[in-house]
């Protein structure tokens, strides 16, 4: 008999996921945009097989990975700025750098579920935003959760993650890179790729913003249920682990993070955002006034 309140999991190594999984669901979202909370919430569903971390971070992943050193030629440690340079995008989007049969085998082996009859496999990695076309080709019945977040809040979070450490993206030691400009360039590149994803593969997914998920979690859960009917027990109003240190409810952190940006920082971000105004408009995000 197991102790009361102790959750028992089943593991992919002991089950035939090739036969059990009929839907592959992928979170497609830039980094620092709320996808980790969504991943943890989906892992509480009895309908899903899940990974203990992002798909790009598990043992056996054979492909370029964002945010850390990669064994793939031409891709150094990119930090949280993995679209900052076009040559990095070229590496991520090159199909020759992925071994999808081995990746799928590793994912299935390491997956866990709350019910051995779960039929939906879920994973997410920020850089998979660039390779939705490959996921469509290599996985049976692919579905996608497309999400974005206010770019000012994203940039603040990215830069705060690195302060006061040096950025890992300077091409040569000692060469300065403005972290806010780098973050802004990265996030507008992500938004432009996400727009492309929606225009090409939107019929395979559900799209919602971080802000909508925080403001109307029941509605977003219904949208996910409509996309994947097997997931009828998703609860986005629950206390889940955050940053491996504490538990918290889903909370919109935008106002708190944006308040940390001063007028000069907002002006720096706007120098990048202004050139991509149509992309921000597409997702419903306005340019901020530097003086608020």
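The values are calculated or read from the model by the stated rules, or taken from the named source; none is laboratory data. Bear in mind the structure is a predicted one, so any value in this text is a computation, not a measurement. All Cβ positions, even for glycine, are placed from backbone atoms using ideal geometry, and neighbour counts span all protein chains on display.
Annotations for the structure displayed:
- Members of segment 214-225 that are in contact with a strand residue (DSSP E or B) (Cβ under 7 Å, 6 or more places away or on another chain) and more than 14 Å from residue 43 (Cβ to Cβ): 220, 223
Conditions tested, residue by residue: (1) surrounded by fewer than 19 Cβ atoms within 10 Å (Cβ to Cβ); (2) more than 11 Å from residue 30 (Cβ to Cβ); (3) in contact with a helix residue (DSSP H, G or I) (Cβ under 8 Å, 6 or more places away or on another chain); (4) at pLDDT below 95.
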position: 127; (1), (2), (3), (4): no, no, yes, no
position: 131; (1), (2), (3), (4): no, yes, yes, no
position: 137; (1), (2), (3), (4): yes, yes, no, no
position: 146; (1), (2), (3), (4): no, no, yes, no
position: 156; (1), (2), (3), (4): no, yes, yes, no
position: 161; (1), (2), (3), (4): yes, yes, no, yes
position: 172; (1), (2), (3), (4): yes, yes, no, yes
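- Qualifying residue in segment 60-81 (condition: in contact (Cβ under 8 Å) with a residue 40 or more places away in the chain and not in a loop (DSSP other than H, G, I, E, B)): no
- Selected residue (only one of 251, 279 is under 24 Å from residue 152 (Cβ atoms) and in contact (Cβ under 8 Å) with a residue 40 or more places away in the chain): 279
- Any hit, segment 95-109, residues being at pLDDT 95 or above, outside any helix (DSSP H, G or I) and touching a helix residue (DSSP H, G or I) at 6+ places or on another chain (Cβ under 7 Å): yes
- Residue in segment 23-40 that is more than 22 Å from residue 252 (Cα to Cα), assigned to a loop (DSSP other than H, G, I, E, B) and either touching a strand residue (DSSP E or B) at 6+ places or on another chain (Cβ under 9 Å) or at pLDDT 95 or above (or both) present: no
Each row is one residue, and each column tells you yes or no for (1) over 24 Å from residue 179 (Cβ atoms); (2) surrounded by 12 or more Cβ atoms within 10 Å (Cβ to Cβ).
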{"site": "190", "(1), (2)": "no, yes"}
{"site": "193", "(1), (2)": "no, yes"}
{"site": "197", "(1), (2)": "yes, yes"}
{"site": "226", "(1), (2)": "yes, no"}
{"site": "255", "(1), (2)": "no, no"}
{"site": "260", "(1), (2)": "no, yes"}
{"site": "267", "(1), (2)": "no, yes"}
{"site": "274", "(1), (2)": "no, no"}
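- Scan of segment 174-197 for residues that are at pLDDT 90 or above and over 14 Å from residue 30 (Cα atoms), ordered by number: 180, 181, 182
Table: residues versus (1) over 13 Å from the mean Cα position of the chain (by Cα); (2) surrounded by fewer than 22 Cβ atoms within 10 Å (Cβ to Cβ).
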residue	(1), (2)
51	yes, no
54	no, no
63	yes, no
78	yes, no
90	yes, yes
100	yes, yes
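- Count - residues of segment 129-144 that are touching a strand residue (DSSP E or B) at 6+ places or on another chain (Cβ under 8 Å) and either on the phi > 0 side of the Ramachandran plot or assigned to a helix (DSSP H, G or I) (or both): 5
- Taking segment 199-292 as the region of interest, the helices (runs of 4 or more DSSP H) fully inside it that hold 2 or more residues being at pLDDT 95 or above, under 20 Å from the mean Cα position of the chain (by Cα) and within 15 Å of residue 147 (Cα to Cα) are 210-215, 217-227, 277-282.
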